[in-house]
Amino acid sequence: MLVLVVDSSTPAVTAALVEVSADAVAARAQRCTVDARAHGELLAPQVDAVLADTGARAADLAAIVAGLGPGPFTGLRVGLVTAATMGQVLGIPTYGVCSLDGIGHPAAAGEPVLAASDARRREVYWAVYDGAGQRIAGPNVDVPAVAAERARGLAVTIAVGDGAHRYADVLGLPVRGEPRYPDATALARLAAERIRAGAPSEPLTPLYLRRPDAVAATGHKPVLP
């Protein structure tokens, strides 16, 4: 089964095609561009590009997997709206995966790992994974010092992700080079059981973790004396 994977939860805008078989998940094509200000401009052309790279058509897709975040509102919604719209138009199921799982799961190698992405405002989105790659804490958003304290309490010995690179001095952990951003094939692997089972389409509920910056006005100022 040919599956489209999209993620726009970080500055890395990713579209990929993977093939899900009975016992494997294999990457077929991927485009990834790091640009925190161009999610909306980049994602759709990248979807077209990975289809063209493999000679596939949108009608050949069996499912779509989308990274749910956590991530900033503006960028994250681009991937989720794209996935949901394509799923509805094509009549195929959509499945969501926590984007941090696409960093922490493939990085786990027998020891607990902290996955962190940049949340801006001098904070990180973070989660902790055990040696088998299962999430055991998070996702949360905190200042790096809080994430570091929680990680130490869970015997974490290594960190991974863009947030870990940015705040390595505060986290006080060795930082693994890759994956720096959510790995598309890992996201597909985490959804593979649902894909193979033909599970019903899921609502793609974003993991914002923060309240929106914009709030409704609570009252109106008088304009007449």
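May I have the extent of the alpha carbons of segment 117-197 along their three principal axes, as whole Å values ordered from largest to smallest?
Principal axes ranked by extent give 43, 24, 21 Å for the Cα atoms.
What are the principal axis extents of the Cα atoms in segment 26-85, in Å, biggest first?
33, 21, 20
Tell me, what is the per residue accessible area of the chain in Å², probe radius 1.4 Å?
Averaged over the residues of the chain, the accessible area is 48 Å².
Could you work out how much longer the chain between Thr33 and Ala49 gets when fully extended? Use 0.36 nm per residue separation minus the Cα distance between them, nm to one decimal.
Computed gain between Thr33 and Ala49 is 4.5 nm.
Roughly what % of Cα-Cα distances in the chain sit above 21 Å, to the whole percent?
The answer is 54 percent, as a whole percent.
With all protein chains present, how much of the accessible area of the chain (probe radius 1.4 Å) comes from carbon and sulfur, to the nearest whole percent?
Exposed carbon and sulfur together represent 53 percent of the surface.
Within segment 105-128, what residues put their amide N at less than 11 Å from the label point 7 Å along the Cα-to-Cβ vector of Thr157?
Answer for segment 105-128: 109-113.
Restricting to DSSP H runs of at least four residues, report the calculated mean residue ellipticity at 222 nm for the chain, -39500 (n - 2.57) per run over all residues, nearest 500 deg cm²/dmol.
-10000 deg cm²/dmol, from helical runs alone.
Using only protein heavy atoms and a 1.4 Å probe, report how much of Ser201 is accessible, in Å² to the nearest 10.
Estimated to the nearest 10 Å², Ser201 gives 70 Å².
Relative contact order of the chain: what whole-number percent is it, with Cα pairs under 8 angstrom and at least 6 residues apart?
21 percent.
Of Thr33, Thr205, which has the most accessible area and how do the rest follow, probe 1.4 Å?
Result of the area sort, largest leading: Thr205, Thr33.
Tell me the Kirkwood radius of segment 1-127: reciprocal of the mean inverse pair distance over distinct alpha-carbon atoms, in Å.
Roughly 15.0 Å, rounded to one decimal.
Hey, could you grab the Kirkwood Rh for segment 51-122? Inverse mean 1/r over distinct alpha carbon pairs, Å, one decimal.
14.3 Å
With a 1.4 Å probe and all protein chains kept in place, how do Thr85, Thr74 rank by accessible area, largest first?
Thr74, Thr85
Over the heavy atoms of Leu2, what accessible area does a 1.4 Å probe trace out, to the nearest 10 Å²?
20 Å²
If all Cα-Cα distances of segment 87-160 are sorted into 10 Å bins from 0 onward, what percent lands in each bin, rounded to whole numbers?
Histogramming segment 87-160 at 10 Å steps yields 21, 47, 18, 11, 3 percent.
What are the membrane-span-like helices in the chain by this rule: whole DSSP H runs, Cα extent along the axis at least 18 Å, mean Kyte-Doolittle hydropathy at least -0.5?
Result, helices passing both filters: 39-54, 73-90, 184-197.
By how many nm would the segment from Gln88 to Glu41 grow when fully extended, if each residue of separation counts as 0.36 nm and the alpha-carbon distance is taken off?
So the chain would gain 14.8 nm between Gln88 and Glu41.
The values are calculated or read from the model by the stated rules, or taken from the named source; none is laboratory data. It should be emphasised that the depicted structure is a prediction, and the values quoted were computed from it without experimental measurement. Using ideal geometry, Cβ is built from the backbone for each residue, glycine included, and neighbour counts are taken over all protein chains shown. These area figures cover heavy atoms from the full protein model, side chains too; ligands, DNA and RNA do not enter into them. Shrake-Rupley method; radii C 1.70, N 1.55, O 1.52, S 1.80 Å.
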